[in-house]
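Comments concern the structure below.
Throughout, read-outs are computed from the coordinates displayed, never taken from laboratory work. Computed from a predicted model, the values in this text were never measured in an experiment. When we count neighbours, we look across all protein chains shown, and the Cβ atoms used for this are built from the backbone with ideal geometry, even at glycine.
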Amino acid sequence: MTATDHAVELVHAAARAASDKLAQQIVAFDVSDQLAITDAFLLASATNDRQVKAIVEEVEDKLREIGAKPIRREGERDGRWVLIDYGDVVVHVQHEEERQFYALERLWRDCPTIELPADVTASSR
């Protein structure tokens, strides 16, 4: 099983939104073979709490424009690690310290990555 076209569309839109707010280390994993509850994870980092919140707002705005509404949101008050669950896709926006500490990439390294648009990957290095 692989991530649906709809999930990939949401990943691309969320990645572009995160990139627009200068998110770093943007990466997406196809977790559909490992998890029954979602198809993909998108991870993005920010250098401070304020930037985490700005990225989250931009992701929500851009996904809302294409008709996606979050099922739930967690961690927004602290601004260190915000999880936005869209059903098909779960977006993790983390302060870079949390990103290093929790190292979600290591947890999901056996899952295939989802290729992101060139304009996202170029700006997220």
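Please arrange His95, His6 by counting, for each residue, the other beta carbons lying within 10 Å of its beta carbon, fewest first.
In order of increasing Cβ crowding within 10 Å: His6, His95.
Give the calculated FRET efficiency between Arg80 and Thr2 to the nearest 0.05, with a Förster radius of 41 Å applied to their Cβ-Cβ distance.
Details: r = 32 Å, r/R0 = 0.77.
E(calc), rounded to 0.05, equals 0.85.
How much length would be gained if the chain were fully extended between Leu22 and Ile71, taking 0.36 nm per residue of separation minus their Cα-Cα distance, in nm to one decimal?
Gain on stretching Leu22 to Ile71: 15.1 nm.
Distance from a point 7 Å along Cα→Cβ of Gln34 to each backbone N in segment 82-121: keep the residues under 12 Å and list them by number.
From segment 82-121, the list is 103-114.
Got the relative contact order for the chain handy, in percent, Cα pairs under 8 Å and 6 or more residues apart?
For the chain, the relative contact order is 32 percent.
Using the Cα gyration tensor of segment 5-115, with a ≥ b ≥ c the square roots of its eigenvalues, what is the shape: rounded (a/c below 1.5), prolate (a/b larger than b/c) or oblate (neither)?
Values: a/c = 1.56, a/b = 1.12, b/c = 1.39.
In terms of gyration-tensor shape, oblate.
Sorting check: for 75-83, 18-26, which peptide has the highest mean count of neighbouring beta carbons within 10 Å, and how do the rest follow? If you can, show how the numbers build up before the last one.
Numbers: 75-83: 16.4, 18-26: 20.3.
In descending order of packing, they fall as 18-26, 75-83.
Neighbouring Cβ atoms within 10 Å as the yardstick, rank Ser45, Ser32 fewest first.
The fewest-first ordering by Cβ neighbours comes to Ser32, Ser45.
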